[in-house]
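The structure under discussion appears below in the form of structure tokens.
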Amino acid sequence: MSDQVGFVTMGEAKGPSGDIPTIGVGMLGYAFMGKAHANAYKKLPYIFWPPAAIPRLVTIAGRSEQAVAEAARRYGFARYTTDWRQVVSDPEVQIFDNGGPNNMHAEPCIAAAEAGKHIICEKPLGRTAAEAKQMLEAVRKAGVKHACAFNYRFVPAIRQARQLIEQGALGRIYHFRARYLQEWIADPQFPMVWRLQKSVAGSGALGDLGAHIIDLARFLVGEPRSVNGLTATFIKERPLGDGSGRTGTVDVDDAFVALVEFENGALGTLEATRFALGRKNLNTFEINGSRGSISFNLERLNELEVYLADVGPREARGFSDVLVTESYHPFYANWWPHGHIIGWEHTFVHELNHLIEAIVQNKPVEPYGATFEDGYRCAVICDAILQSAANGGAPVPIRY
């Protein structure tokens, strides 16, 4: 990687009137998550008005100069670089936003912490628990605010589910079962990408999809005591995609299943795969308690199915499909009149606003936002599932 730095030609931005501060953002990565985060930084000031601070897109880094220059123009960053160290050392950057591949999480985030930057890093935090722990220790030592980007904590319906559990509406929790299903690599001719390489990704469907439902399990039910896991790699060789006709070895899991025993006595099942034909992005969970149940499906993001055993006549009880779009529902007062739904992209607006408020107002990111502590604990659970799978599904205790 070179240290090429470039500037984007655009009209000079003028600061807003009044006393609302700005906060400089430096970003690593410009693809899927780069677009999602940049979009959220732009929407945030006029949705959460008045904002704690107005994000200023300072600089963005990526490996390809041509691609990162185009991303800077597209997203509105003032400048770009092919060396992430330029972002970390930039005095105008207060937030380091890491959306790079998994092997680019640890070193840049640790350097950013040492430079005194607040950090948000995409999941999984580290490729292993040991790597994630190094990152956690760095932000603790630096005393900076830190967030691991588990954006589904900021879906209004999921936050509503958390509130129902906190209020005791479900009673004692007995079960948590979750599935995260996609299909995008089911074709054996789909070429090798970084997500299929252990040295870059750390794991496959487990870290990519499973990390989300593991975090939701912890967020909604509590800490696991032990896990039993099984993994499978269905297509072990894939074309490199470079026209050479050669293939590369897939050395991560294509799918996993796990049994979870929670510390509070609840039982759980987790499943994730990238081989579920017909499933584009199905993330669903159900929680059963002594007084009721809730069910959620990300593909119906604004809805929460709720059953409360002691509400209404017994003869009329059943699951109710609650449209979580009232002004009193989580986050909705900032959006549209009731019944006007929001989408997946808006979870990032909620998440980044939460982080900026924590920075400016010196509030904790936890418990509703995920921190590097949460990212580390998720990595411990992922490692335990892999360890169990390597030992034929034998139970592995969770030790943080």
**Residue count for the range 141-173, restricted to those that are charged (D, E, K, R), crowded, with 21+ Cβ neighbours inside 10 Å and not in a helix (DSSP H, G or I)** = 1
**Request:** Please find, within the range 185-202, the residue that is nearest to Val252 (Cα to Cα) out of those that are under 25 Å from the mean Cα position of the chain (by Cα) and among the charged types (D, E, K, R).
**Result:** Lys198
**Item:** strands (runs of 3 or more DSSP E) enclosed by the range 24-140 - at least 3 residues per element that are in the same structural domain as Ala211 (by TED's automatic domain parsing)
**Value:** none
**Item:** Out of Glu286, Glu303, Glu261, sole residue that is farther than 30 Å from Pro188 by Cα, in contact (Cβ under 8 Å) with a residue 24 or more places away in the chain and touching a helix residue (DSSP H, G or I) at 6+ places or on another chain (Cβ under 9 Å)
**Value:** Glu303
**Request:** Name the single residue, out of those in the range 54-72 being without any contact (Cβ under 8 Å) to a residue 60 or more places away in the chain and surrounded by fewer than 19 Cβ atoms within 10 Å (Cβ to Cβ), that is farthest from Cys121 (Cα to Cα).
**Result:** Gln66
**Prompt:** Would you say Ala205 is under 30 Å from Asn302 (Cα atoms), among the small types (Gly, Ala, Ser) and in contact (Cβ under 8 Å) with a residue 24 or more places away in the chain?
**Reply:** yes
**Fill in**
Listed by first then second residue, the pairs whose first member lies in the range 31-42 and is without any contact (Cβ under 8 Å) to a residue 40 or more places away in the chain and at negative phi, whose partner is surrounded by fewer than 20 Cβ atoms within 10 Å (Cβ to Cβ) and small (Gly, Ala, Ser), with beta carbons under 8 Å and at least 6 positions apart or on separate chains, are Ala38/Gly76; Lys42/Gly76
**Message:** Looking only at residues that are of a type outside the set (Lys, Arg) and surrounded by 19 or more Cβ atoms within 10 Å (Cβ to Cβ) in the range 73-89, which one is nearest to His37 (Cα to Cα)?
**Reply:** Tyr75
**Message:** So in the range 257-294, with the set limited to residues that are in contact with a Gly (Cβ under 6 Å, 6 or more places away or on another chain) and assigned to a strand (DSSP E or B), which one is nearest to Glu183 (Cα to Cα)?
**Reply:** Ala272
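The values are calculated or read from the model by the stated rules, or taken from the named source; none is laboratory data. Because the structure is a prediction, the values reported are computed rather than measured. Ideal geometry is used to build each Cβ from the backbone, glycine not excepted, and the neighbour counts take in all protein chains shown.
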